[in-house]
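Notes to accompany the following structure.
All of the numbers you see were taken from the coordinates with simple rules; none came from a lab. These numbers come from a predicted model, not from an experiment. Cβ atoms come from the backbone with ideal geometry, glycine included; neighbour counts cover every protein chain shown.
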Amino acid sequence: MNQTNAEEIARLEAAIAQDPTSEDLRERLLEAFSADSDGYNDRRRFDLIAWFLKNDPRHSVCSTPFAHVDPRAAPAAYRELKNNWLALVKESPDDPEFARGAALFIAADSPNEAKGLLRAAIERRPNDPKLWLALGRVAIDPNPITRLS
């Protein structure tokens, strides 16, 4: 971890200790960890993702690459967070944000599972453009007709 990034992480962690409910500080810390190759697989980064899933799973950061985990580099953290996402979908199957977030999280490892989550959500909300956009992102077939069918 480079010195500048390590200092920024330490500063943000100290600020969170003073304001433990701040989503803004946690989002900035998650971004700082994600921007550094050493920080990307840091347990503290995974704990931040878990915090967002527990406290505000609809937060915009949850559906960005900042909240993704490489399943090969950190299989235990990936499984734990995937299970958290799938539990949210199971508890609230009509919430398109949970289906979208879960699908985007697992797409790199399980594209067919991600597509299944999105298709189930689209059946409930066929006019939700975010679901269709997410389906287009996770589908790996280069043919747009078969990719979204």
_Taking R0 as 25 Å, what FRET efficiency do you get between GLU23 and ILE140 from their Cβ-Cβ distance, rounded to the nearest 0.05?_
0.15
*Debye log10 I(q)/I(0) for the chain, one point scatterer per Cα, at q = 0.16, 0.18 Å⁻¹*: -0.86, -1.02
*In deg cm²/dmol and to the nearest 500, what is the mean residue ellipticity at 222 nm of the chain if only DSSP H runs of at least 4 residues count, each as -39500 (n - 2.57), divided by the residue total?*
-20500 deg cm²/dmol
*Any idea how far the Cα center of the stretch 1-74 sits from the one of the stretch 88-113, in Å?*
21
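Wrap a convex hull around the Cα atoms of the stretch 71-149, take a quarter of its surface area, and give that in square nanometres.
5.0
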*asked:* Of LEU12, TRP132, HIS68, which is farthest towards the positive pole of the stretch 2-149's charge dipole, taken about the Cα centre with +1 and -1 on the beta-carbons of Lys, Arg and Asp, Glu respectively?
replied: TRP132
*Provide the FRET efficiency to the nearest 0.05 for the LYS130-ALA35 pair, computing r from the beta carbons and using R0 = 22 Å.*
0.30
_Which of rounded, prolate or oblate describes the stretch 1-67 when judged by the alpha-carbon gyration tensor and an a/c cut-off of 1.5?_
oblate
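Eight or more residues apart or on different chains, and alpha-carbon atoms under 16 Å: count the Lys pairs in the chain matching that.
6
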